[in-house]
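**Q** Just passing along the structure, written as structure tokens.
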Amino acid sequence: MTTRTQKYQEMASIMRSQTLRDGQFQTRIEGLFLGRCSSPTQPVHTTQWPCFALVIQGEKTLTLGREMYRYGVGDYLLVSVDLPVASRVTMASEDRPHLGLGLAINPENLRDVLKRLKGLKPEPANVGSRGVAVVSAPDALLDACLRMLRLLECPEDVDGIAPLIEQEILYYILKGPMGPRLLQVMMIESPSHSIARATAWLRENFRQPLSVPQLAAKVGMCASTFHHQFKATTNVSPLQFQKQLRLHEARRLMLMEHCDAASAGYIVGYESPSQFSREYSRLYGLSPIRDIKSVSKDGAKVSARRSSEEMAQSDAFA
């Protein structure tokens, strides 16, 4: 019988062969990403889509508002709605790099699994749970993840088998502690579903001026209930959520597109350069100009490019 240690060893071996350098990589399996990092990192600020992420080797943290979630081997992270977060690799080395896999949660695939899952009850409507959680991975879930990774070495089987293993992974997630939470998000009439719609809308429209009452009405909630439920899920207010989305995108524009600070701030929706600089400094700890210079100086061009890549594709392993 294969032990948990042996499963992780095999998964790590496959991932090392599939990731020959540090970075994050989309695999030939739709929605499946692999990540490798050979040293601890500074926080990477990004907007995380709904996903399942499993640590194979090393350790990582995710910060949502003022809360920090730590997860390592034996844990998986589940993000149920779009969230602005900061992720950081805290345990990694050249000999034992941090290795992680991430699977984007496809709502349609999740609904297909829910149709066949009887007995799962959603959280009570008045429960305001965070949109992120760290959960201990059961053996059955590890088995499914190992078989998914093995498919990367058998590309001819990907189209036929990967969707089935994805459904199996979603099944075990739904059977776990966060299953009722995911079900609440999927139920159209639930407050959690409305908040998920709101975060998705903000992610696509963060440049636009934000009226919280109008956004609440758009998702079918009164303003006071919306504000309470939104903060319970994301740990920030809607305005803070939008602000972080804007600042993440501005930083990406400066790193990847070589925009100057004033142009980046204007593109993401700031009319006042001084307000942009002030809020940027509050989030990142440095002014826009000093922050970009420090990335270039400390990490040189390779690290700057790597940070930009992480921000551009979101951190599927946060």
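The values are calculated or read from the model by the stated rules, or taken from the named source; none is laboratory data. Everything numeric in this text was worked out from a predicted model, so none of it was measured. Methodologically, a virtual Cβ is constructed for each residue, glycine included, from the backbone with ideal geometry; neighbour enumeration extends over all protein chains shown. Calculation scope for accessible area: heavy atoms of the full protein, side chains included, ligands and nucleic acids excluded. Shrake-Rupley method; radii C 1.70, N 1.55, O 1.52, S 1.80 Å.
**Q** Quick check: Cα centre of region 22-37 to Cα centre of region 254-286, how many Å?
**A** What the calculation gives is 29 Å, centre to centre.
**Q** How much accessible surface does Thr5 have with a 1.4 Å probe, in Å² rounded to 10?
**A** We get 90 Å² for Thr5.
**Q** While we're on this one: Carbon-plus-sulfur fraction of the accessible area of region 45-197, 1.4 Å probe, in percent?
**A** 51
**Q** Another question, then. Heavy atoms only, probe 1.4 Å: what % of the accessible area of region 250-299 goes to carbon and sulfur, would you let me know?
**A** Carbon and sulfur atoms account for 51 percent of the accessible area of region 250-299.
**Q** Sticking with this one: Grab the beta carbon distance between Thr5 and Met256, set R0 = 41 Å, and tell me the FRET efficiency rounded to 0.05.
**A** So the FRET efficiency works out to roughly 0.55.
**Q** Taking springs between alpha-carbon atoms closer than 10 angstrom, which of Arg70, Arg116, Arg96 fluctuates most in the Gaussian network model of the chain?
**A** Comparing Arg70, Arg116, Arg96 in the GNM, the peak value goes to Arg116.
**Q** With point charges of +1 on the Cβ of Lys and Arg and -1 on the Cβ of Asp and Glu, referenced to the Cα centre of region 85-240, which listed residue (Ser190, Pro177, Ser93) lies farthest in the positive direction of the dipole?
**A** Going by the charge dipole, the pick is Ser190.
**Q** Counting Lys +1, Arg +1, Asp -1, Glu -1, what net charge surrounds Arg282 among other residues with beta carbon under 15 Å of its beta carbon?
**A** Cβ neighbours under 15 Å give a net charge of +4.
**Q** Heavy-atom accessible area per residue, the chain, 1.4 Å probe: how many Å²?
**A** I get 47 Å² per residue for the chain.
**Q** Debye calculation, C-alpha points only, no solvent: report log10 I(q)/I(0) for region 45-167 at q = 0.20 Å⁻¹, in the same order as the q values.
**A** -1.33
**Q** Can you compute the FRET efficiency between Lys118 and Arg16 using 1/(1 + (r/R0)^6), with r the Cβ-Cβ distance and R0 = 35 Å? Round to the nearest 0.05.
**A** According to the calculation, E is roughly 0.30.
**Q** At 0.36 nm per residue, minus the direct Cα-Cα distance, what do Leu239 and Met187 gain on full extension? Give it in nm, one decimal, please.
**A** 16.2 nm
**Q** Here's another thing I want to ask about it. Name the residue farthest towards the positive end of the dipole of region 122-254 from the options Leu202, Leu141, Ser129, assuming +1 on Cβ of Lys and Arg, -1 on Cβ of Asp and Glu, about the Cα centre.
**A** Toward the positive end, the furthest listed residue is Leu202.
**Q** Return a single number: how many Lys pairs in the chain, at a sequence separation of 8 or more or on separate chains, have alpha-carbon atoms below 25 angstrom apart.
**A** 16
**Q** Could I ask something else about it? Express in whole angstrom the spacing between the alpha-carbon centres of region 179-211 and region 213-236.
**A** With region 179-211 and region 213-236 each reduced to a Cα centre, they are spaced 9 Å.
**Q** Then there's this: Can you show me the helix-derived [θ] at 222 nm for the chain, built from DSSP H runs with n ≥ 4 at -39,500 (n - 2.57) apiece and divided by the number of residues, rounded to the nearest 500.
**A** So the calculated ellipticity at 222 nm is -16500 deg cm²/dmol.
**Q** Nothing charged except the Cβ atoms of Lys and Arg (+1) and of Asp and Glu (-1): what's the magnitude of the dipole of region 161-308 about its Cα centre? Round to the nearest 20 debye.
**A** Charge dipole, region 161-308, about its Cα centre: 400 debye, nearest 20.
**Q** What does the charge dipole of region 35-176 about its Cα centre add up to, to the nearest 20 debye, if the Cβ of each Lys and Arg holds +1 and the Cβ of each Asp and Glu holds -1?
**A** My answer is approximately 580 debye.
**Q** Nothing charged except the Cβ atoms of Lys and Arg (+1) and of Asp and Glu (-1): what's the magnitude of the dipole of the chain about its Cα centre? Round to the nearest 20 debye.
**A** With Lys and Arg at +1 and Asp and Glu at -1, about 760 debye.
**Q** Next question, about the same structure. Taking a label point 7 Å from the Cα of Ser272 along the Cα→Cβ vector, which residues of region 196-224 have an amide N closer than 20 Å to it?
**A** 207-212
**Q** Among Ala12, Ala162, Thr234, which residue has its Cα furthest toward the positive end of the charge dipole of the chain, with +1 on Lys/Arg Cβ and -1 on Asp/Glu Cβ?
**A** Value computed over the given set: Thr234.
**Q** Please state the equivalent ellipsoid semi-axes for the chain: what are the square roots of 5 times the Cα gyration tensor eigenvalues, largest first, in whole Å?
**A** Rounded to whole Å, the semi-axes are 31, 27, 15.
**Q** Roughly how many nanometres apart are two label points built 7 Å out from the Cα toward the Cβ at Cys154 and Lys293?
**A** Modelled inter-label distance: 5.6 nm.
**Q** Return the Cα extents of region 176-299 along principal axes one, two and three, sorted largest first, each rounded to a whole Å.
**A** Here the Cα extents, ordered largest to smallest, are 48, 35, 22 Å.
**Q** Over the alpha-carbon set of region 1-77, divide Rg by the Kirkwood Rh and report the Rg/Rh ratio to two decimals.
**A** 0.96
**Q** OK, next. For labels at Ser281 and Glu204 in the simple 7 Å Cα→Cβ model, what's the distance in nm?
**A** With each label placed 7 Å out from Cα toward Cβ, I get 3.7 nm.
**Q** Ratio of Rg to Rh for region 126-213, alpha carbon only, Kirkwood?
**A** For region 126-213, the value is 1.11.
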